1. From the list 84, 66, 48, 26, pick out the single residue that is of a type in the set (Gly, Ala, Ser), open to solvent by less than 100 Å² (accessible area, probe 1.4 Å) and at pLDDT below 90.
2. For a quick check of your reading of the model, give me the residue pairs whose first member lies in the range 1-23 and is among the basic types (Lys, Arg), whose second is surrounded by 11 or more Cβ atoms within 10 Å (Cβ to Cβ), with beta-carbon atoms closer than 8 Å and at least 6 apart or on different chains.
3. Could you look through the range 1-23, keep only residues that are surrounded by 12 or more Cβ atoms within 10 Å (Cβ to Cβ) and touching a Phe, Trp or Tyr at 6+ places or on another chain (Cβ under 7 Å), and pick out the one that is nearest to residue 82 (Cα to Cα)?
4. So, residue 55, is that one open to solvent by 90 Å² or more (accessible area, probe 1.4 Å), closer than 29 Å to residue 79 by Cβ and of a type in the set (Val, Ile, Thr) or not?
Amino acid sequence: MILEQHELQVADFVLGVRSGGTADPSSKAGTASLTSSMLKEGTPTRSSLYIAGQTAFLGISLLTSSSWDATSVSVHTPTGQLDSA
């Protein structure tokens, strides 16, 4: 879904996955929540400090969450930083 509002110079993106805590194995409750939390904790090429520094420098908001039936990642960015975001 795209909603354009040209008065505001920001862009929001949300990736939603229809899978959350209900998909956790019974012996590993909390796996979906842990996984969504770890998305901002770094990769082999970008550390969590790098991600935090870049989001602060660019003025970006990066949020992850997991509920019982869904997981989401959202980015809120000024349009001037869209390519970097």
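1. One residue alone meets the criteria, 84.
2. So the pair list comes out as 18/69; 18/70.
3. In this case the residue turns out to be 20.
4. no
The values are calculated or read from the model by the stated rules, or taken from the named source; none is laboratory data. Owing to the predicted nature of the structure, the values given are computational and were not obtained by experimental measurement. Heads up, the Cβs are rebuilt from the backbone with ideal geometry, glycines too, and the neighbour counts pull from every protein chain shown. We work out accessible area using only protein heavy atoms, side chains counted, and drop any ligands, DNA or RNA first. Shrake-Rupley method; radii C 1.70, N 1.55, O 1.52, S 1.80 Å.
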